[in-house]
Structure formats: C-alpha cells, structure tokens
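S.K.: Here it is: the structure, laid out below.
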Amino acid sequence: MLVAVSVVGVSSGWFGGDDRQDVVAARGARVMPFDLEATTHRFVPNAQGGLQSVVADVPSDREQVALIQQHLQEEAAALQRGDFGDPAQIHGADMPGLAALQAGAGRIDVEYRPRDDGAELTYTTDDPVLVAALRDWFAAQISDHGQHAE
C-alpha cells in the first residue's frame, strides 16, 4: 500500500522560512551534480519504508538523467554503508528522522534502480521505528526541496 506524504501548507522548509529552501538549494548544488531547476525529487513512503526518485523534468535530457543515475547509485552505496553524510550536509545533521536512520542503517536495505528519466532508491526495513523515521525524513526533504520535490 502506497501512502503519499501530504505537505499542503508546508512550503518553506522544515524549520521555517523561504530562506531555508534557498540554503538547501545552495548546499544541494555542492553535493548533487544535477541541476535542481531541471529535476524533481519524489518521496513516497510505504509500509516497508519508501521510494525516493529523482527524475529529469525533460526525460530526453540525457545529461541530467546520467548525472541523476550516477549520483543516486553512489548514494545507494553510501546509505547502505550507513553513510548519511550527503543528506546531512544538505539538510543539516538535525533533520527529522536522520539520527534514527543513521543508528539503524544496518537494518535498512537500500536498492538503486535506474529509470529512463532518472533513478530511484527503494528503502526497505521491517523495523517500525525506522519506517517512521523514513516517513519523517521524506517529509523533511519534501519541505526543504520545495518546488523541486513532490
């Protein structure tokens, strides 16, 4: 069963202000090789964890698709090792859900899958605390990425 995270009215970052989204975009540009203005992040929680995807807004933009795929493949490997350094660098070490995910990383399977328009990561765990942490983490990222996320 898929459950969408609703962030109606939450458009200014998880700890407030449009400046938050500007800060996240600037940090993201240093960590993510693709263009935030040409891509969209999607976060869909489910009962076992969730699905994160990044897609090129123009699916035929092969440069953005290649950059997305390269980055998410590297992120999957890092997250599987328990290295959440890139998300922490972009969103802050105190972002919702992050501490629990770092502590429980060994109980989360992260699977990379390329798509024609980008790539996706599937997070799977049987630990309800980590499923809740993933929901919080997804919601914070949707909020932080603003117009670049859904």
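S.K.: How many angstrom lie between the Cα centre of region 56-78 and the Cα centre of region 96-150?
M.R.: 17 Å
S.K.: If Lys and Arg each add +1 and Asp and Glu each add -1, what is the summed charge of the other residues whose beta carbon sits under 13 Å from the beta carbon of ARG107? Provide the component values of the computation, followed by the final result.
M.R.: Working: positive: none; negative: ASP109, ASP126, ASP127.
The answer is -3.
S.K.: Give me ASP61, ASP116 sorted ascending by neighbouring Cβ count inside 10 Å, so fewest comes first.
M.R.: Working: ASP61 18, ASP116 10.
Placing the least packed residue first, the sequence is ASP116, ASP61.
S.K.: Which FRET efficiency value, to the nearest 0.05, is calculated for ASP35 and ALA132 with the Förster distance at 30 angstrom and r the Cβ-Cβ distance? Intermediate results must be reported in sequence, preceding the final value.
M.R.: On the way: r = 32 Å, r/R0 = 1.08.
For ASP35 and ALA132, the calculated efficiency is 0.40.
S.K.: Would you mind getting me the FRET efficiency between GLN73 and ALA99? Use the beta-carbon distance for r and R0 = 30 Å, nearest 0.05.
M.R.: Working: r = 25 Å, r/R0 = 0.84.
According to the calculation, E is roughly 0.75.
Laboratory data are not the source of any read-out in this text; all were calculated from the coordinates shown. Please read all numbers here as calculations on a predicted model, not as lab measurements. Quick reminder, even Gly has a Cβ in these numbers, built from the backbone with ideal geometry, and neighbours come from all protein chains shown.
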